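First up is the structure itself, then whatever we jot down about it.
Laboratory data are not the source of any read-out in this text; all were calculated from the coordinates shown. Bear in mind that the values here come from a model prediction, so they are computed numbers and not experimental data. Neighbour counts are summed over all protein chains in view; Cβ atoms, including those assigned to glycine, are modelled from backbone coordinates with ideal geometry.
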Amino acid sequence: MNEPGLKDIWVYLSTSPLLGLTITLVAYGLAYRLYLKTNSNPLANPVVTSVAMLIILLLATGTSYSDYFEGGQFVHFLLGPATVALAVPLYQQFSRLRQLWLPVTISLFCGVVIAAGSSIGLARLLGGSPEIQMSLAPKSATAPVAMGISEKIGGLPSLTAVLVVITGITGAVLGTKLFEWIRVRDDTARGIAMGVAAHGIGTARAFQVSSQMGAFSGLAMALSAFATALLVPWLVDLLEAWLPV
Amino acid sequence: MQFLNGITLLLVYQLVGEITVRFLGLPIPGPVLGMVMLFVTLMIRGKAPDSVDQASTALLSHLSLLFVPAGVGMMAHFGRIADEWVPITLALLLSTVITMVATALIMQVTTRWFAKPLAEKEGGDE
């Protein structure tokens, strides 16, 4: 930093959206390459490595998250249209869905209630504050949906976004091992479970296992986003009535 | 041009979703309503136009990239996560495992109960 010119450039860049946006894409590009190099090992999940790279970079350069997000928001924003885009795989799988509508509906309803109920219950049991409980409740839904719900039920939307990402990574990393272990070999059931528990990050992983698992995971993610939005606020009211804090 | 049309259409559905949700005070997020409205439109039209198909494939094939900025948000919550790391980590981990195992088993069992006869009847569907 003894060269004044360089410092000026840095000051300019760190407040412009260009830097945040570019490093997000570069970090993800590198992380994705690493992921392919490890033969798609779920432990090298590109979200984990790119988030880690970016946090280290931001901490090392003393850049705040809000400065980074000036640029990061352009990527983050696309979660909205991506949610709308889920209508397409949903439509394409509709004939399969129609055959399986009853099992899918039952699994989805149970999955969404278990996801929210168990996270609230466990957090409460382990002494988590109400804010943490409410931020955890919608963690299995895709980010924009979970953030909206978190805000409605008294959680912290930005913390929920982080928990959503960690949940997705957990699901993507553990998923295939868990399914082996409980001997669920049908890609339809695996896909539904992945999509309900681990939304888009799980779906990205499911597509690598098979396109059928990916399609059903995408379908479950879309339907559970809808179900979570409808069921979780109601479930929270119910829990408050039965088990007041 | 196809791709641009597709993206525009997705944004229009999201916008209409957001406005409707706010206007009617619905309990669901705008993009989710947008998704439902697009789904209904596709069902009525009977096919997904190339433009929408292209745009949605592009967005969904790199879905995990879209979660990266939110994940970096962890650094803004280090304090809170450090304070309550036991309930956060354990509840998150256990709840995710329980949800995944339970949903997979429920789906497997209910498929055996209900779907076998149906699937056999409508076998060669698409």
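Other protein chain C-beta atoms within 10 Å of residue C-beta, averaged over A:108-119: 5. In plain terms, chain A is cut at each of the trypsin sites (Lys or Arg not before Pro) found in a DSSP loop with at most 15 other Cβ atoms within 10 Å, and the longest leftover piece is A:1-182. Candidate membrane-span-like segments in chain B, meaning DSSP H helices with Cα atoms spread over at least 27 Å of their own axis and a Kyte-Doolittle mean of 1.0 or above, are B:2-24, B:85-110, with no membrane implied. For A:Lys37 and B:Ala76, the FRET efficiency from 1/(1 + (r/R0)^6), where r spans their Cβ atoms and R0 equals 30 Å, is about 0.45. Evaluated at q = 0.15, 0.17 Å⁻¹, a Debye calculation over the C-alpha positions of chain A (equal weights, vacuum) places log10 I(q)/I(0) at -1.08, -1.30. Dimensions of region A:4-77 along the principal axes, based on C-alpha atoms and rounded to the nearest Å, stand at 44, 28, 15, largest first.
Applying 1/(1 + (r/R0)^6) with r as the Cβ-Cβ distance of B:Thr41 and A:Ala52 and R0 = 45 angstrom yields a FRET efficiency of 0.65. Peptide A:42-48 has a mean of 2 when you count, residue by residue, the C-beta atoms of other protein chains within 10 Å of its C-beta.
In terms of the mean number of neighbouring beta-carbon atoms within 10 Å, the peptides A:68-78, A:46-56 order highest first as A:46-56, A:68-78.
Between B:Val109, B:Val12, B:Val36, the GNM of chain B built on Cα springs shorter than 10 angstrom shows B:Val109 fluctuating the most.
Within 10 Å of each Cβ of A:158-169, how many other protein chain Cβ atoms are there on average? Each step should come with its number before you reach the end.
Details: counts 5, 7, 2, 8, 12, 7, 3, 9, 8, 5, 5, 4.
Mean number of neighbouring Cβ atoms from other chains: 6.
Take chain B, drop everything but the C-alpha atoms, weight them equally and run the Debye formula without solvent; then report log10 I(q)/I(0) at 0.12 Å⁻¹ to two decimals. Cα-only, vacuum Debye calculation for chain B: -0.87.
Taking θ as phi - 60° and the Karplus parameters 6.51, -1.76 and 1.60, the scalar couplings of region A:180-186 work out to 4, 5, 8, 6, 9, 10, 6 Hz in sequence order, x denoting glycine and proline. Helix A:187-209 axis versus longest C-alpha principal axis of chain A: approximately 10°, rounded to the nearest ten.
Across all Cα pairs in region B:1-62, the calculated P(r) in 10 Å bins from zero up to the longest distance comes to 23, 49, 25, 3 percent per bin.
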